[in-house]
Amino acid sequence: MTPGPQNAITDIAGLKVGHAQDDNLKSGVTVLTADTPFTASVSVQGGAPGTRETELLAPDKSVAQVDALVLSGGSAYGLDACSGVVAGLRAQGRGYRVGNAIVPLVPGAIIFDLLSGGDQDWTETPYPALGRAAYDTTTHSTPIGTVGAGTGAMTAMMKGGLGTASMTLDTGITVGAMVAANPMGSVTTPGDRHFWAAPFEIAGEFGGLGPDTASGLGRVHDSRKTTAMMEHANTTIAIVATDATLDKAQCQRVAIAAHDGIGRACVPAHSPGDGDLVFSVSTGARPMTAPHDLTLIGHAAALCLSRAIARGVYAATPAPNDLLPTWSQLNADT
């Protein structure tokens, strides 16, 4: 397995990603879409999720494909970002057709970033406009760090971010992940230097410092976020995707496997106060050829998700009124 050319979810042919953020608000929206509808499912493992239309993605539900997925800041307000994406799709004549009506299908999930230091003194929710702006700027590449849904993200000890990573299997199947990392847990070991995801790092993609050599790690949960009175301001939301041909049940199985990537990169993970969620997408371009292909896709999705979380945090950049430092600020002398 090797990373794709961009080391991004957009290494999967046909997928497009767009971001929009308001730096004064310290929040934003990320959209994943494609030129045609795609198969998707979801797995929720956190205790405090915020979602829209995720029930459509259960294998026993009749909806076969969706038009876009949304990751947003803003807590419950951010769910309105999906409405902006729906408007953009409808303007292009895209969606599920019922007679002469068009219904774009856009599930979404949110992180809590309302206490990230941004200006919340607004009277009309900004998220529909941010969703539309993110959709209107979708392209076949994506930046990482303080962008889109990762703009106001924070981990236990430092600023979070938007990350992505990819992997091409020996079979030629491509797998990718994209994540807004805003967990209750830490993404680095004590000392803020070594990432929990370090054993899965490839080619120094988040600093190349290697794993922490200390033993007995994980027994202490320090949190600058909690100290700042944000003990419930959590959630890691992600999308994993593949060009392999999967049905909804197989997509759900990949989403479940991908949660291992959160557990490897965030300590602790899947807490009662996290809304940890993984969407899983199949573009259906490449048939599976062996019985174990689905297992390898799920494994690669978990690896990509761990790497994406670390990459997003590693790439975060400082901004005025930040409540937590970035990894680069904490490690300026290394």
Filtering segment 24-38 down to residues that are crowded, with 24+ Cβ neighbours inside 10 Å and of a type in the set (Gly, Ala, Ser) yields Ser27, Gly28
Could you tell me whether segment 96-106 includes any residue that is under 27 Å from His270 (Cβ atoms) and in contact with a Cys (Cβ under 8 Å, 6 or more places away or on another chain)?
-> yes
Among (1) open to solvent by less than 20 Å² (accessible area, probe 1.4 Å); (2) farther than 28 Å from Ile173 by Cβ; (3) in a loop (DSSP other than H, G, I, E, B), where does Ala81 come up short?
-> (3)
So which strands (runs of 3 or more DSSP E) are wholly in segment 89-202 and hold at least 3 residues that are surrounded by 19 or more Cβ atoms within 10 Å (Cβ to Cβ)?
-> 108-110, 161-168, 174-182
When segment 273-307 is examined, which residues are found to be closer than 12 Å to Ala244 by Cα, in a loop (DSSP other than H, G, I, E, B) and not polar (S, T, N, Q)?
-> Pro287, Met288, Ala290
For Ala310, state whether it is open to solvent by less than 50 Å² (accessible area, probe 1.4 Å), part of a helix (DSSP H, G or I), farther than 21 Å from Pro183 by Cα and touching a residue at least 40 places away in the same chain (Cβ under 8 Å).
-> no
Considering Thr33, Thr10, which residue is over 20 Å from His270 (Cα atoms), part of a helix (DSSP H, G or I) and in contact (Cβ under 8 Å) with a residue 40 or more places away in the chain?
-> Thr10
Segment 52-69, subset outside any loop (DSSP other than H, G, I, E, B) and touching a Pro at 6+ places or on another chain (Cβ under 7 Å), residue most open to solvent (accessible area, probe 1.4 Å) = Arg52
List pairs: first in segment 56-67 and free of Cβ contacts under 8 Å to residues at least 60 places away in the same chain, second among the hydrophobic types (A, V, I, L, M, F, W, C) and assigned to a loop (DSSP other than H, G, I, E, B), Cβ under 7 Å, 6+ apart or cross-chain?
-> Leu56/Val63; Leu56/Leu105; Val63/Leu105; Val66/Leu105; Val66/Val106; Asp67/Leu105; Asp67/Val106
Flag if Pro49 is over 17 Å from the mean Cα position of the chain (by Cα) and not in a helix (DSSP H, G or I) = no
Considering each of Asp322, Asp293, Asp274, Asp333 in turn, give the residue that is farther than 21 Å from Thr142 by Cβ and touching a Lys or Arg at 6+ places or on another chain (Cβ under 7 Å).
-> Asp322
With the condition kept exactly as written, say whether any residue in segment 275-298 is under 18 Å from the mean Cα position of the chain (by Cα), farther than 28 Å from Ser62 by Cβ and either surrounded by 23 or more Cβ atoms within 10 Å (Cβ to Cβ) or not small (Gly, Ala, Ser) (or both).
-> no
Output the number of the condition that Thr334 fails; it satisfies all remaining conditions of (1) surrounded by fewer than 24 Cβ atoms within 10 Å (Cβ to Cβ); (2) modelled with pLDDT of 95 or more.
-> (2)
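The values are calculated or read from the model by the stated rules, or taken from the named source; none is laboratory data. Note that the structure is a prediction, hence the values are computed from the model and not measured. Cβ sites come from the backbone with ideal geometry, for glycine too, and all protein chains shown count toward neighbours. All accessible areas refer to the heavy atoms of the entire protein, side chains included, with ligands and DNA or RNA removed. Shrake-Rupley method; radii C 1.70, N 1.55, O 1.52, S 1.80 Å.
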